[in-house]
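Undergrad: Structure in structure tokens, see below.
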């Protein structure tokens with residue numbers, strides 16, 4: 001069952017992160033960092049990585065550092081997104097946002113520290129992959145996290161508030177803000193499994209499509225989800241004047257668009273046969289969760 005598998009994977013990544021963090025030199029930021037990255041969240045991105053690994057029979061131990069790095073990047077972005085200078089959200093994953101728990105300055109520094117920890121996880125001497133692969137992973141993760149990826153997407157998201165944008169502008173923004181990290185999730189599997197450039201390109205684009213689907217599902221939850229399930233305030237996109245595909249084309253048409261995107265993704269995975277079963281199940285869950 002997908003929820004059981006997600007929970008199992010999340011606990012596995014949390015244990016790995018806790019072990020790694022507990023070996024770090026002690027600092028005042030360690031607890032806020034743990035608060036931001038460990039507690040709560042389905043860690044779907046990690047599951048996507050492990051699912052994609054099965055496409056090429058990659059062992060879990062070759063991917064767990066990448067999973068942990070991705071969760072650090074994702075959590076850093078959430079900590080910063082919640083700040084008063086950005087989306088100004090007080091609740092995240094059913095608890096106080098990091099800046100409400102520890103203060104804004106600590107939240108900024110904890111987020112920054114998780115960002116840098118991601119690269120430390122990949123370069124760790126105990127992570128047994130080739131140095132050339134580590135270098136490629138670092139370059140790809142940097143590109144997907146910075147101004148051409150998550151950070152750039154968040155900037156566009158803020159700039160688009162209360163403005164009418166067309167479908168291509170919104171998709172471009174959402175593919176940067178959410179899709180680029182999913183791009184890395186699948187590209188990383190291609191790098192670790194030593195696939196050729198064609199496969200890396202294919203998997204990266206597939207990851208961006210999955211990320212866009214995830215963002216659409218998140219937007220649907222904001223409109224019709226249950227607060228106790230989602231773990232954060234709802235209907236905030238409309239209140240803040242966010243540019244979303246739902247606001248542009250309406251809920252019904254946006255849902256049809258999402259289903260069409262899902263079919264496109266699943267069609268691309270068909271060539272991998274039963275090796276793609278877990279990834280297909282996760283993709284089905286992404287769009288079907290809690291509506």
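The values are calculated or read from the model by the stated rules, or taken from the named source; none is laboratory data. The model shown is predicted, which means the values in this text are computed figures rather than measured ones. Heads up, the Cβs are rebuilt from the backbone with ideal geometry, glycines too, and the neighbour counts pull from every protein chain shown.
Undergrad: Filter region 21-49 down to residues that are closer than 22 Å to residue 266 by Cα and touching a helix residue (DSSP H, G or I) at 6+ places or on another chain (Cβ under 6 Å) and give me whichever is modelled with the lowest pLDDT.
TA: The qualifying residue modelled with the lowest pLDDT is 42.
Undergrad: To continue, here is another question. How many residues does region 160-171 hold that are surrounded by fewer than 16 Cβ atoms within 10 Å (Cβ to Cβ) and at pLDDT 95 or above?
TA: Number of matching residues: 4.
Undergrad: Name the one entry in 19, 4 that is more than 24 Å from residue 272 (Cα to Cα) and without any contact (Cβ under 8 Å) to a residue 40 or more places away in the chain.
TA: 19
Undergrad: Also, I was wondering about something else. When region 1-30 is examined, which residues are found to be loosely packed, with under 15 Cβ neighbours inside 10 Å and in a helix (DSSP H, G or I)?
TA: If the condition is that a residue be loosely packed, with under 15 Cβ neighbours inside 10 Å and in a helix (DSSP H, G or I), then 3, 4, 7, 8, 11, 15, 18, 19, 22 are the ones that fit.
Undergrad: With 221, 213 as the choices, which residue is modelled with pLDDT under 95 and not in a loop (DSSP other than H, G, I, E, B)?
TA: It is 221.
Undergrad: Out of all the residues in region 90-98, is one or more assigned to a loop (DSSP other than H, G, I, E, B) and crowded, with 21+ Cβ neighbours inside 10 Å?
TA: There is at least one residue in region 90-98 that is assigned to a loop (DSSP other than H, G, I, E, B) and crowded, with 21+ Cβ neighbours inside 10 Å.
Undergrad: Does residue 41 satisfy being in a loop (DSSP other than H, G, I, E, B) and more than 18 Å from residue 124 (Cα to Cα)?
TA: yes
Undergrad: For region 82-115, which positions are within 25 Å of residue 159 (Cα to Cα) and touching a strand residue (DSSP E or B) at 6+ places or on another chain (Cβ under 9 Å)?
TA: Passing the criteria: 82, 90, 97, 98, 100.
Undergrad: Only one residue in 143, 194 is modelled with pLDDT of 95 or more, surrounded by fewer than 18 Cβ atoms within 10 Å (Cβ to Cβ) and under 29 Å from residue 257 (Cα atoms), so which one is that?
TA: Just a single option satisfies the conditions, and that option is 143.
Undergrad: Would you call residue 75 without any contact (Cβ under 8 Å) to a residue 40 or more places away in the chain, under 18 Å from the mean Cα position of the chain (by Cα) and either surrounded by fewer than 14 Cβ atoms within 10 Å (Cβ to Cβ) or not in a loop (DSSP other than H, G, I, E, B) (or both)?
TA: In short, yes.
Undergrad: Those residues that are surrounded by 15 or more Cβ atoms within 10 Å (Cβ to Cβ) and either farther than 23 Å from residue 205 by Cβ or touching a strand residue (DSSP E or B) at 6+ places or on another chain (Cβ under 9 Å) (or both), I need them from region 126-140; list them, please.
TA: 127, 129, 134
Undergrad: Right, another one. So for region 237-244 (the condition being modelled with pLDDT of 90 or more, part of a helix (DSSP H, G or I) and crowded, with 18+ Cβ neighbours inside 10 Å), does at least one residue qualify?
TA: No: region 237-244 contains no residue that is modelled with pLDDT of 90 or more, part of a helix (DSSP H, G or I) and crowded, with 18+ Cβ neighbours inside 10 Å.
Undergrad: Any idea which of 57, 51 is touching a residue at least 40 places away in the same chain (Cβ under 8 Å), closer than 17 Å to residue 187 by Cα and buried (at least 18 other Cβ atoms within 10 Å of the Cβ)?
TA: Answer to the selection: 51.
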